[in-house]
Every structure is written in C-alpha cells, then in structure tokens.
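See below for the structure under consideration.
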Amino acid sequence: METSFQNGAIVARGKFHEDAVWDVFANDLRVRFDGKGGVTEYSICNHPGSYLRRSFLNVFVNGVKLDAFTDKTVVMIGRTQRILLDAFGGTVEVYQFIPKRGNALCFEITAKKAAKYDFVFDFGQAVKHFSYAADAENEYIPENSSVYLHTGRSVRFVCSYGTDEANCKEILSRFSALKKEVEDEIGSVMIPATAKTEKDKALYVSSVFCALENYKEIGDYKGFSAGCSYVNPVRTYFRDSYWTMLAMYKDYPRLVRNEILTLCHGIEENGDCPSAVTYELELHWRNHYDSPSFFVLMVYDYINRTGDFSILDETVNGRTVYDWCLLVVDKLSAYEDETHLIVKEGPFNKRDWADEVNRIGYVTYLELLYARALFCVSRIAGKRDEKRAAKYYGMHLQTKDAINALLWDDEKGYYINYKNGDFVEDNLSVDTILAVLFGIADKDKTERLLDNVSALLESKNNKIQRAGDFGVMSVFPFYKGEDRYHNKSSQDYEYHNGAVWPYLAALVAYAEAQNGRDYEYALTSSFDWNIPRGNYTPIEYYSPIRPDGSLLQAWSSDAAWVYDWQSDDFFKENQAVWKTE
C-alpha cells in the first residue's frame with residue numbers, strides 16, 4: 001500500500017482487500033486490526049487461550065456488497081484505526097479502538113450518504129465466546145457465526161470475548177467517553193521541534209505509544225510489559241523496561257517511578273535479579289547478569305531527571321529502594337576478579353540481553369553496565385554514606401580502566417564482544433555503544449568505535465555482508481564456534497546474530513548525534529524498512545532473509561527518546577539536582 005504521514009499518524013492508501021495491520025494494546029487487552037474493519041488477533045491479558053485469529057467485516061449498501069477493489073485510506077495512530085472507504089457515491093468510515101481499560105473492542109461506522117446499510121461482523125469459529133451490543137437494529141445468525149447490523153447511516157458496536165451482553169451494553173453506554181479518552185491521549189503527545197518532517201512526527205508519536213500502550217496496572221503490579229506478545233503472563237523485564245523508560249522521562253515520569261517499585265519485587269534477598277517480574281510479582285528466569293545494573297541505572301536516571309529523592313525511601317518487601325540499590329551492586333561486585341571486571345561463568349550462560357548466545361567470561365556489554373552502575377550507586381549513596389559512596393566511585397574508576405585496558409582492541413578500533421580465557425569473540429557487537437553513551441570511551445576510542453559501527457554495522461556501508469541495505473545490524477561478523485548460540489541466533493542475520501533491533505539502532509543514533517555525526521540513518525532506517533512492508537507498529541527485530549520479530553515491542557520506543565534529548569546529554573549528571581541533596 002502507498003503510505004504517507006500526517007500530524008503524527010501513519011496513513012496507508014490502497015484497495016479494500018489489502019491488509020493494514022495495526023497492533024493496539026491496553027491494560028487488559030491486545031488487538032490487531034487488519035485495515036479492513038476486521039481483527040486478526042484478540043488476546044486478553046493473563047488469560048491463556050483467549051484469542052480470535054480472524055474476523056471479517058462485510059459491507060453491503062442496498063443489498064450490494066462492497067467491491068474488494070474499492071479505494072480506501074487507513075489512518076493509524078495510538079490505540080485507533082480509521083478506515084475511509086470511497087463507496088457507492090459517498091464515504092463510509094469505519095473507526096475502531098480499544099479502551100485504555102476493559103475487555104472490549106469498539107466500532108463506530110458512519111456513512112455520509114443515507115442508504116440501506118448492512119454491516120456484517122463475522123466472528124468465524126470463535127463466535128460462541130463473544131458477546132456484543134449495538135445502538136442500531138441488529139440480529140445474530142448463529143448458522144453464519146455473524147452479527148448483522150442494519151442502519152441508514154451510522155452504528156456503534158461493541159464486542160467482547162469471554163464476557164456477557166451486560167458488559168457490552170455497559171461499555172456501549174460509555175462509548176463517547178471512552179472514545180474521547182483515547183483521542184485525548186493522542187492529543188496529549190507533544191511532538192518536539194526536533195521532529196521536523198511529517199515522517200519524523202509519525203515515528204515520534206508511534207514510538208511514544210509503543211511505550212505507553214505496554215503500561216499495565218494489575219493490583220500492586222505497575223509496569224511496562226516487554227511487548228504485546230507478552231500477555232500470558234504479563235511481565236516486565238529489567239533490561240527492556242530500562243530502555244523503554246527513556247521515552248517516558250520527558251512527559252511520564254510517574255510511570256517510571258511505578259516501574260522502579262514494581263521491579264523491587266523481583267530482587268532476591270541475596271541481591272540476585274531475574275530477567276523479569278510477572279503481574280503476580282513472581283520471578284521470571286532468575287539471576288541475570290545485566291538486570292541488577294539496569295535497576296540501579298533506572299533509579300539514578302529517575303532522580304537525575306526529576307530531582308525526586310523520595311524514591312529512595314520507598315519501602316518494598318521490608319527494604320527501601322536505597323537498600324535494594326546497594327544490595328544488587330554488592331552482589332554484582334562479588335563476581336569481580338583481580339582485574340576488577342565481573343566474570344560471567346560458563347560454559348553455557350545466556351543470562352543477559354543476548355539470551356540465545358553463550359557469552360561468557362568478560363562480556364564487554366556487562367562490564368559497561370557494571371561500571372555505570374558503580375558510578376550511579378556512588379551518586380545515589382551521596383551524603384547518606386560518604387565513605388561507601390567514595391568506595392563505589394573508586395571501584396567505578398578501576399572497572400572503567402580495566403574495560404579500556406583489557407577489552408579494547410586497538411588494531412580493530414573497537415571493543416571486543418567478550419573473552420573467556422584464550423577464546424576471544426572479536427566481532428563488533430552493537431551493545432558496546434554503551435561505552436560512548438556512558439563516557440567509558442575517551443575521545444579517540446569514541447571516534448574510532450563510531451567509525452567502525454558505521455562501517456560494519458550500518459548495513460548500507462558494509463560491503464562484505466550480502467543482505468543489502470536494511471539498517472543497523474546487531475553484530476558483525478557473525479558469531480563463530482559451534483556451541484556459542486542456539487535457536488534463532490544459530491542463523492546468520494537472525495535474532496542476536498545480525499538482525500536489526502530498532503532500540504539498539506536508536507542508541508547508535510543518539511551516540512552519533514551527541515558526537516556531531518549524521519544520525520539520520522540509524523534513527524529512521526528501521527522505520528523506512530518496515531513501513532513499506534506493512535509493519536506499521538514498532539517491531540522487535542527484523543532481517544531481510546529471516547522472519548520478523550513481534551510488533552509493538554516496548555523498547556523499540558527509543559526513537560522518541562532520541563528526538564526528546566538531542567539538545568542535551570541524557571546521561572550527563574544534572575548538577576542542579578545533585579546539589580540539592
């Protein structure tokens with residue numbers, strides 16, 4: 001379909017039969033609109049097996065069915081999709097959305113020209129699990145698994161999986177208020193001046209919503225799910241949420257605060273942190289090596305950007321946030337050896353973001369996070385414990401020096417991926433860009449690393465790889481060895497082994513922007529690649545020769561952060577804040 005951008009929305013034009021897939025997500029529900037008035041996914045959070053794989057909307061005017069080649073325009077923004085059909089001498093508009101809370105799918109169908117309209121919603125095989133309500137004449141024909149809506153011009157229709165008619169009628173009674181709520185949410189997104197073109201604006205707005213739509217409140221759980229495919233159970237990841245939060249500091253700091261308190265429930269008494277915390281506040285995949293650092297980084301960033309030191313005195317499970325910060329760093333420091341680097345024990349240890357690769361020994365990504373965590377906790381300790389703060393800062397300097405002495409390859413001009421004894425994985429991994437963001441690399445190393453990221457990972461410049469121009473690769477060359485990886489990552493150009501991860505590309509863009517380089521390619525190439533291919537909501541990862549990852553992946557919101565913070569260094573200490581403590 002032909003695509004364009006308008007006031008933050010993505011606009012697709014084509015024929016009625018063409019798909020325009022748009023994922024929307026809310027507190028209780030995940031839905032995938034198909035751009036034809038139907039739905040290809042309907043999943044209720046924390047209800048395994050609750051789904052609708054395919055439904056259809058058929059349109060009849062005076063008994064004549066809408067032609068499959070009718071022209072249409074599809075407008076996608078926030079939790080809404082609007083379809084404009086040029087049909088029968090007039091315009092028929094199909095407007096779909098899901099409420100921010102509740103299990104329901106809402107339709108408003110209007111026609112500018114009065115006639116006899118029949119809108120047929122076909123539920124397929126899932127019909128016995130659905131209830132509905134409408135404000136126009138309607139009938140349900142079970143033999144056809146369909147609801148027939150008869151109207152002269154307009155109809156509002158609510159359907160729900162696994163509830164009853166009373167629930168649908170109650171939601172229908174609040175239809176106008178629910179519609180206003182989702183539209184006010186769209187209007188509340190303030191597009192920064194750095195988003196100059198219509199494409200920039202659409203990328204910014206879709207990135208903000210990529211984070212917002214993943215936010216959930218379920219009892220004491222208040223956090224960001226990793227993506228709309230992570231609904232059973234809903235869970236928030238330490239690393240995913242850290243990067244997701246970057247798009248929230250500008251306008252939604254309260255949600256960051258909630259995330260921090262939710263993650264506290266995942267920290268064990270010995271300081272270990274799992275990969276994630278479920279909505280039941282249970283641990284998901286214990287003892288990840290990057291999670292502790294991300295927790296401390298998030299606390300520091302929150303204080304650094306809000307000045308809200310009160311977060312440190314919040315108590316969760318008998319300890320304050322301040323206590324949890326000290327505990328997780330102290331546990332990490334126990335992995336240090338005489339080099340002042342932490343050791344990720346093997347031989348098969350995949351417990352960091354690259355969780356299909358056995359990166360063991362000294363993993364540069366983990367060392368960079370650990371060095372940053374030591375700096376952050378030294379500032380968090382501050383005047384509460386000057387001796388402890390000085391100790392952490394000294395450790396930070398030692399680890400920083402060790403990274404540059406032991407993990408920088410001067411001949412190649414970048415940090416190696418990892419080393420374990422005599423084995424060195426000396427490919428360039430995009431996650432080592434943290435050395436630039438965190439100020440671990442000096443000016444010379446920064447320039448050389450950025451040169452090589454551009455030459456090797458920005459696929460348009462890499463003439464060795466054979467997949468063409470498709471964005472910023474996660475690693476190059478590909479991993480070596482027979483037992484270093486498994487599953488998707490065992491394939492070149494796939495998952496952690498060379499696919500593009502938009503959130504990591506955004507980190508590259510920010511590093512380039514902060515160092516006066518052209519960052520446009522790293523920032524927008526994922527958007528440019530996916531929009532023509534019908535991936536309208538931000539994607540987890542992709543490759544031109546492998547299957548795509550899931551849509552509406554929360555940390556792919558990082559493009560918004562790049563627009564928000566171009567004029568400042570997000571990671572730089574906000575002296576006005578720390579002077580007050």
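Every number in this text was worked out from the coordinates using simple rules, so none of it is lab data. Note that this is a predicted model, so its numbers are computed, not measured. FYI the Cβ positions are ideal-geometry reconstructions off the backbone, even for glycines, and counts take in every protein chain you see.
Odds and ends about this structure:
- The loop-placed GluC sites (Glu not before Pro) in region 233-332, going by DSSP, that have at most 10 neighbouring Cβ atoms within 10 Å of their Cβ come out as Glu269.
- Each peptide in 459-470, 509-520 receives the mean, over its residues, of other Cβ atoms within 10 Å, and ordering these scores from highest gives 509-520, 459-470.
- Cβ-based exposure ranking for Ser188, Ser543, Ser225, Ser43, in which fewest neighbours within 10 Å come first: Ser188, Ser43, Ser543, Ser225
- In this structure, the amide hydrogen of Lys113, modeled 1.01 Å from its nitrogen in the peptide plane, lies closer than 5 angstrom to those of Thr91, counting only residues at least 5 positions away or on a different chain.
- For region 208-229 versus region 356-403, the inter-centroid distance based on Cα atoms is 29 Å.
- Region 421-505: GluC sites (Glu not before Pro) in DSSP loop, at most 13 other beta carbons within 10 Å: Glu482
- Each peptide among 84-94, 177-187 gets the average number of other Cβ atoms lying within 10 Å of its residues, and from highest to lowest they stand as 84-94, 177-187.
- Per-residue 3J(HN,Hα) values for region 223-234, derived from phi via the Karplus relation 6.51 cos²θ - 1.76 cosθ + 1.60 with θ = phi - 60°, read x, 9, 5, 5, x, 6, 8, 10, 10, 9, x, 4 Hz in sequence order (x marks Gly and Pro).
- Computed FRET value (nearest 0.05) for Asp313 with Asn574, which takes r as the C-beta separation and R₀ as 25 Å: 0.80
- Taking every C-alpha pair closer than 8 Å and separated by at least 6 residues, the mean separation divided by the residue count of the chain gives a relative contact order of 12 percent.
- With θ taken as phi - 60° and the Karplus curve 6.51 cos²θ - 1.76 cosθ + 1.60 applied, the whole-hertz 3J(HN,Hα) list for region 527-535 is 5, 4, 6, 7, 4, x, 9, x, 8 Hz, x standing for glycine and proline.
- Nearby lysines by direct alpha-carbon distance to Lys331 (threshold 18 angstrom, same-chain neighbours under 8 apart not counted): Lys344, Lys391
- Both radii are taken from the alpha-carbon atoms of region 26-68; with Rh as the Kirkwood radius, Rg/Rh is 1.16.
- Among [x] 165; [y] 150; [z] 225, the entry that matches volume of the Cα convex hull per residue in Å³ as calculated here: [y]
- Sites Glu386 and Thr194 - FRET efficiency at Förster radius 45 Å, r taken between beta-carbons, to 0.05: 0.70
- Loop-located chymotrypsin sites (Phe, Trp or Tyr not before Pro) in region 228-335, at most 15 other Cβ atoms within 10 Å (DSSP): Trp285, Tyr335
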